[in-house]
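The structure appears right after this line, and notes come after that.
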Amino acid sequence: MSDTPGDRTRLHASPPCFMHELGDGAGISIAEIWPEVRRWRKATRDRLIAERLAVPAAERTRLAGIIAQKLDALIGDPSGRVVGLYWPFRGEPDLRPWLATLHDRGAMAALPVVIQKAAPLVFRPYRPRDTLERGVWNIPVPATDKEIVPDIVVSPLVGFDKGNYRLGYGGGFYDRTIAALPKKPLLIGIGYAFSQLPTIYPQPHDIPMDRIVTAG
Ligand SMILES: Nc1nc2c(c(=O)[nH]1)N(C=O)[C@@H](CNc1ccc(C(=O)N[C@@H](CCC(=O)O)C(=O)O)cc1)CN2
Ligand SMILES: Nc1ncnc2c1ncn2[C@@H]1O[C@H](COP(=O)(O)OP(=O)(O)OP(=O)(O)O)[C@@H](O)[C@H]1O
């Protein structure tokens, strides 16, 4: 647990109830804590998703522009790189304009595809105007069987913490995907500044991002 007494005082939503009891050597196993953490994560996700959906569309567009500039500063020349991005939904920053510039600069973009629940995502190559089809949860995915391994994964997040741990939609897809890749890619989490949490109560399966890029 990265939770510290300092963190506890800054918790926004109600913390999982066990967390008050925890101290070094409390002797509580991960299996006992997880149901509480899962409940806390679900409530926190719902709150953060509602918060970002309340941001007006024009403001979201402005914030996505700032995030795109920060990504350029972070990545530099993307030529020859394979960048795993995402097709935005539920108020995620829309980086599709930035995706279009990647192609012009000699990089290859890819979009994530859910093949089945509780399994890693695959990435399919995507260039602007390529044909899309409806994937799981109606998220558009490239209409091709081709798969590609990203060396940079830009993943949308619902929440994040000071340890660069990412709270997603709860499917465990990104954690499974990263764990299964042959070589760890550069992991960049994308979100809004107001989605920062003192801690997401990281668990053994949670893989921290290398960088978090936010605006707003
Ligand atoms: N834009 C975008 N694309 C993405 C992701 C993402 O986070 N953002 N993913 C990153 O993983 C994958 C899709 N993951 C998803 C995971 C859960 C739900 C979802 O709606 N879950 C239900 C509960 C489902 C259940 O528990 O059975 C829900 O929240 O109501 C949607 C997408 C692949 N594509
Ligand atoms: N590498 C893994 N192997 C097996 N199970 C995993 C792995 N990674 C995550 N999980 C499982 O996935 C479930 C959801 O995890 P978690 O709450 O961290 O999702 P999330 O990071 O918010 O979702 P997502 O990655 O889809 O955005 C948990 O039950 C967790 O045990």
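Can you run down the residue pairs with Cβ atoms below 8 Å, 6 or more apart or on separate chains, where the first is in the range 91-119 and farther than 18 Å from S155 by Cβ and modelled with pLDDT of 95 or more and the partner is among the hydroxyl-bearing types (S, T, Y) and open to solvent by 50 Å² or more (accessible area, probe 1.4 Å)?
R105/S79; G106/S79
If I ask for residues that are open to solvent by 60 Å² or more (accessible area, probe 1.4 Å) and assigned to a loop (DSSP other than H, G, I, E, B), which ones from the range 62-77 would you list?
Answer for the range 62-77, where residues must be open to solvent by 60 Å² or more (accessible area, probe 1.4 Å) and assigned to a loop (DSSP other than H, G, I, E, B): just D77.
Yes/no matrix, rows are residues, columns are (1) touching a strand residue (DSSP E or B) at 6+ places or on another chain (Cβ under 8 Å); (2) over 13 Å from V122 (Cα atoms):
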position	(1), (2)
V153	yes, no
G159	yes, yes
G170	no, yes
Y192	yes, yes
M209	yes, yes
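Could you look through the range 78-133, keep only residues that are part of a strand (DSSP E or B) and within 12 Å of ligand 1 (Cβ to nearest atom), and pick out the one that is surrounded by the fewest Cβ atoms within 10 Å (Cβ to Cβ)?
V113
Out of the residues in the range 162-194 meeting the condition of being of a type in the set (G, A, S) and away from ligand 1 (no atom under 13 Å from the Cβ), tell me which one is farthest from W34 (Cα to Cα).
Among those that are of a type in the set (G, A, S) and away from ligand 1 (no atom under 13 Å from the Cβ), it is A193.
Given D161, D210, D175, which one is over 22 Å from I75 (Cβ atoms) and over 10 Å from the mean Cα position of the chain (by Cα)?
D161
In this structure, does P156 turn out to be within 15 Å of ligand 1 (Cβ to nearest atom), within 22 Å of D77 (Cα to Cα) and of a type outside the set (S, T, N, Q)?
yes
Could you pull out every one of the strands (runs of 3 or more DSSP E) wholly within the range 152-216 that has 1 or more residues that are in contact (Cβ under 8 Å) with a residue 12 or more places away in the chain and open to solvent by 20 Å² or more (accessible area, probe 1.4 Å)?
Qualifying strands (runs of 3 or more DSSP E): 186-192, 211-215.
Could you tell me whether D145 is among the acidic types (D, E), modelled with pLDDT of 95 or more and more than 16 Å from ligand 2 (Cβ to nearest atom)?
It is true that D145 is among the acidic types (D, E), modelled with pLDDT of 95 or more and more than 16 Å from ligand 2 (Cβ to nearest atom).
Among the candidates I49, I33, single out the residue that is over 15 Å from L167 (Cβ atoms) and not hydroxyl-bearing (S, T, Y).
None of the other options fit; the residue is I33.
Quick one: in the range 23-56, of everything that is at pLDDT 55 or above and not in a helix (DSSP H, G or I), which residue is farthest from A193 (Cα to Cα)?
The residue in question is G27.
The values are calculated or read from the model by the stated rules, or taken from the named source; none is laboratory data. The shown structure was predicted, so the numbers you read here are calculated from the model rather than taken from an experiment. Positions of Cβ are generated from backbone atoms using ideal geometry, with glycine treated the same way; all protein chains shown enter the neighbour counts. Accessible surface areas use protein heavy atoms only, side chains included; no ligands, DNA or RNA. Shrake-Rupley method; radii C 1.70, N 1.55, O 1.52, S 1.80 Å.
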